[in-house]
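> Before I ask anything, let me first share the structure, which is written out below as structure tokens.
The values are calculated or read from the model by the stated rules, or taken from the named source; none is laboratory data. If you're wondering where the values come from, they're calculated on a predicted model, not measured in any experiment. Ideal geometry is used to build each Cβ from the backbone, glycine not excepted, and the neighbour counts take in all protein chains shown. Side chains included, ligands, DNA and RNA excluded: accessible areas come from the protein's heavy atoms. Shrake-Rupley method; radii C 1.70, N 1.55, O 1.52, S 1.80 Å.
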Amino acid sequence: MSTHLLGHKPARAAPGINLHPQITLQLARVHEACGPARRSFAMWLAGQTQGPVLWIAPAWEPGQMNPDGMMAFADPARFIFVRPTRAEDLLWCIEEALRSGAIPLIIGDLPGAPGLTPVRRMHLAAEQGGTMGRAPLGLLLTPGDGGAQGVETRWHMAATHQGEARRWTLTRRRARALPPVTWQATQTKPRAGLNLQKTGVTDTLA
């Protein structure tokens with residue numbers, strides 16, 4: 001019998017949240033969004049999910065989400081906001097929320113990029129949460145160019161609005177087995193998702 005007949009079965013695609021035919025965020029993993037429009041990325045993701053969204057942000061940061069701005073992507077009533085008063089509680093809250101499996105989408109709005117060990121703990125927690133039912137997804141929002149170690153994917157988003165047109169530049173900076181690429185994202189009407197047009201491939205993974 002020829003050896004090719006004994007080959008492995010095709011690997012099944014891991015379940016994920018589909019933002020676009022070319023963009024799927026794998027469940028039971030932690031992803032990162034950075035850049036000045038990282039919260040718009042988070043809201044776009046939330047708009048493609050169902051059920052509650054847990055948004056964890058430090059209590060000492062002055063900025064808060066504006067319900068009027070959220071309406072363009074998702075119903076603000078779906079969101080539960082947690083504002084820890086101590087820095088050490090931020091990552092703990094994210095980890096425990098992922099482990100509980102009670103909420104499908106957990107967003108950590110962080111003041112800086114976490115290291116490899118806490119991200120690995122989040123991945124394990126998300127996997128454990130998946131044993132309770134549908135696996136959760138974690139999204140870390142980090143300022144600037146991000147840089148959280150060990151994340152499944154990293155996305156950079158910046159607004160390029162023109163007049164009434166709502167537009168962003170979206171770049172996939174890191175993903176397993178996928179190259180960096182940039183799209184022009186446009187929202188044509190509220191809660192309709194984003195239309196993407198590829199604009200080029202970046203030079204490095206960053």
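> Would you pick out the residues in region 30-87 that are under 11 Å from Leu141 (Cα atoms), surrounded by 16 or more Cβ atoms within 10 Å (Cβ to Cβ) and of a type outside the set (A, V, I, L, M)?
His31, Glu32, Cys34, Gly35, Arg38, Arg39, Ser40, Phe41, Trp55
Okay, residues lined up against (1) assigned to a helix (DSSP H, G or I); (2) modelled with pLDDT under 95; (3) of a type in the set (A, V, I, L, M, F, W, C):
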{"position": "His31", "(1), (2), (3)": "no, no, no"}
{"position": "Met43", "(1), (2), (3)": "yes, no, yes"}
{"position": "Pro62", "(1), (2), (3)": "no, yes, no"}
{"position": "Ala72", "(1), (2), (3)": "no, yes, yes"}
{"position": "Leu90", "(1), (2), (3)": "yes, no, yes"}
{"position": "Ile94", "(1), (2), (3)": "yes, no, yes"}
{"position": "Leu98", "(1), (2), (3)": "yes, no, yes"}
{"position": "Ile106", "(1), (2), (3)": "no, no, yes"}
{"position": "Arg120", "(1), (2), (3)": "yes, no, no"}
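> Within region 179-196, count every residue that is at pLDDT below 90 and out of contact with any strand residue (DSSP E or B) (no Cβ under 7 Å at 6 or more places or on another chain).
5
> Tell me which residues, restricted to region 77-88, are modelled with pLDDT of 95 or more and part of a helix (DSSP H, G or I).
Listed by number, the residues that qualify are Ala77, Arg78.
> Could you list, in sequence order, the residues of region 173-197 that are in a strand (DSSP E or B) and within 20 Å of Arg38 (Cβ to Cβ)?
Passing the criteria: Arg173, Arg174, Ala175, Val181, Thr182, Trp183, Gln184, Ala185, Thr186, Gln187, Asn195, Leu196.
> Looking only at region 179-195, filter to residues that are open to solvent by 30 Å² or more (accessible area, probe 1.4 Å) and not small (Gly, Ala, Ser); which one of those is farthest from Gly69 (Cα to Cα)?
Ranking the qualifying residues of region 179-195, first place goes to Pro179.
> Could you run through region 148-178 and say how many residues are open to solvent by 40 Å² or more (accessible area, probe 1.4 Å), in contact with a strand residue (DSSP E or B) (Cβ under 6 Å, 6 or more places away or on another chain) and charged (D, E, K, R)?
So the answer is 4.
> Mind checking whether some residue in region 130-143 is more than 29 Å from Gln187 (Cβ to Cβ), open to solvent by less than 60 Å² (accessible area, probe 1.4 Å), modelled with pLDDT under 95 and part of a helix (DSSP H, G or I)?
Yes, because at least one residue in region 130-143 is more than 29 Å from Gln187 (Cβ to Cβ), open to solvent by less than 60 Å² (accessible area, probe 1.4 Å), modelled with pLDDT under 95 and part of a helix (DSSP H, G or I).
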